[in-house]
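Novice: Sending over a structure as structure tokens; questions will come in a sec.
The values are calculated or read from the model by the stated rules, or taken from the named source; none is laboratory data. Just so it is clear, the structure is predicted and the values come from calculations on it, not from any experiment. So basically every Cβ, Gly included, is an ideal-geometry build from the backbone, and we count neighbours across all protein chains shown.
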């Protein structure tokens with residue numbers, strides 16, 4: 001069945017076209033590798049402007065190594081009132097007392113994550129370019145859905161390139177926020193904001209910015225307003 005032909009669950013779909021929508025917000029994702037000094041870079045990024053969340057995403061590290069690196073970063077997030085999200089691992093999110101977890105399609109069920117992390121946890125789900133996966137995630141209790149990659153990116157290998165219209169479709173039908181991810185920079189980020197993204201998830205555009213992370217976050221502030 002094509003995504004466009006899927007019937008919406010009337011108890012899940014919530015139309016709010018006339019509701020005033022807040023400005024888009026910034027969602028930072030860690031670089032693929034980092035060391036203990038990264039805590040200073042994270043604090044510098046937060047000094048550049050408001051950030052809603054930070055996701056610790058370290059592929060190829062075991063949970064013990066991630067936990068050691070996480071402690072100072074979690075403290076920086078707490079000091080700046082930024083949600084600290086762990087990628088992939090529900091058990092590690094529980095161990096660290098993280099604010100939430102981000103799940104890929106092979107990382108577990110949001111319902112099980114909710115049962116382990118509790119009602120206050122923020123649970124996000126990668127949905128690539130699929131309306132069907134996004135609706136399934138919402139019905140399973142996800143707090144946000146993520147679509148992408150919208151632009152070419154070297155941060156991770158990508159196989160999906162959604163049309164920005166998926167953001168408008170989601171935001172017009174559902175109350176759950178949507179995140180745009182993949183190659184987003186201050187130069188191209190206005191497109192997903194205007195399409196309907198509630199959050200822009202960014203990594204290299206901040207950590208690789210020629211003038212440093214504070215300047216990058218400051219540059220993003222100019223494109224987040226509705």
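Novice: Quick one: residue 68 ticks every box in (1) buried (at least 18 other Cβ atoms within 10 Å of the Cβ); (2) over 11 Å from the mean Cα position of the chain (by Cα) bar one, so which box is it?
Specialist: (1)
Novice: Against the conditions (1) part of a loop (DSSP other than H, G, I, E, B); (2) touching a helix residue (DSSP H, G or I) at 6+ places or on another chain (Cβ under 6 Å); (3) modelled with pLDDT of 95 or more, where does residue 50 fall short? Just the number, please.
Specialist: Result: residue 50 fails condition (2) only.
Novice: Now for a different question. Being surrounded by fewer than 20 Cβ atoms within 10 Å (Cβ to Cβ) and free of Cβ contacts under 8 Å to residues at least 24 places away in the same chain is true for just one of 188, 211. Which residue is that?
Specialist: After applying the criteria, what remains is 211.
Novice: Would you tally the residues in the range 170-185 being touching a residue at least 40 places away in the same chain (Cβ under 8 Å) and in a loop (DSSP other than H, G, I, E, B)?
Specialist: Within the range 170-185, residues that are touching a residue at least 40 places away in the same chain (Cβ under 8 Å) and in a loop (DSSP other than H, G, I, E, B) number 2.
Novice: Oh, and also: Residue 39 versus (1) outside any loop (DSSP other than H, G, I, E, B); (2) without any contact (Cβ under 8 Å) to a residue 60 or more places away in the chain; (3) over 20 Å from residue 99 (Cβ atoms): which is the lone unmet condition?
Specialist: In the conditions (1) outside any loop (DSSP other than H, G, I, E, B); (2) without any contact (Cβ under 8 Å) to a residue 60 or more places away in the chain; (3) over 20 Å from residue 99 (Cβ atoms), residue 39 misses (3) alone.
Novice: Filter the range 152-169 down to the residues that are at pLDDT 95 or above and either part of a loop (DSSP other than H, G, I, E, B) or farther than 29 Å from residue 115 by Cα (or both) and list them by number.
Specialist: 162, 163, 164, 165, 166, 168, 169
Novice: Look at residue 114 and say whether it is part of a loop (DSSP other than H, G, I, E, B) and either modelled with pLDDT of 95 or more or at negative phi (or both).
Specialist: No, not satisfied.
Novice: Let me ask another. Here is a check on your reading of the model: is residue 201 surrounded by 16 or more Cβ atoms within 10 Å (Cβ to Cβ) and either at positive phi or out of contact with any strand residue (DSSP E or B) (no Cβ under 8 Å at 6 or more places or on another chain) (or both)?
Specialist: Considered against the rule, which asks whether it is surrounded by 16 or more Cβ atoms within 10 Å (Cβ to Cβ) and either at positive phi or out of contact with any strand residue (DSSP E or B) (no Cβ under 8 Å at 6 or more places or on another chain) (or both), residue 201 comes out as no.
Novice: For residue 103, work out the one condition from (1) more than 15 Å from residue 67 (Cβ to Cβ); (2) touching a helix residue (DSSP H, G or I) at 6+ places or on another chain (Cβ under 6 Å); (3) buried (at least 17 other Cβ atoms within 10 Å of the Cβ) it doesn't fulfil.
Specialist: (2)
Novice: Within the range 117-147, which residues are surrounded by fewer than 22 Cβ atoms within 10 Å (Cβ to Cβ), free of Cβ contacts under 8 Å to residues at least 60 places away in the same chain and assigned to a loop (DSSP other than H, G, I, E, B)?
Specialist: Listed by number, the residues that qualify are 118, 119, 120, 121, 129, 140, 141, 143.
Novice: Related question: Going through the range 7-44 one residue at a time, which ones are farther than 28 Å from residue 132 by Cβ, surrounded by 12 or more Cβ atoms within 10 Å (Cβ to Cβ) and modelled with pLDDT under 95?
Specialist: 32, 34
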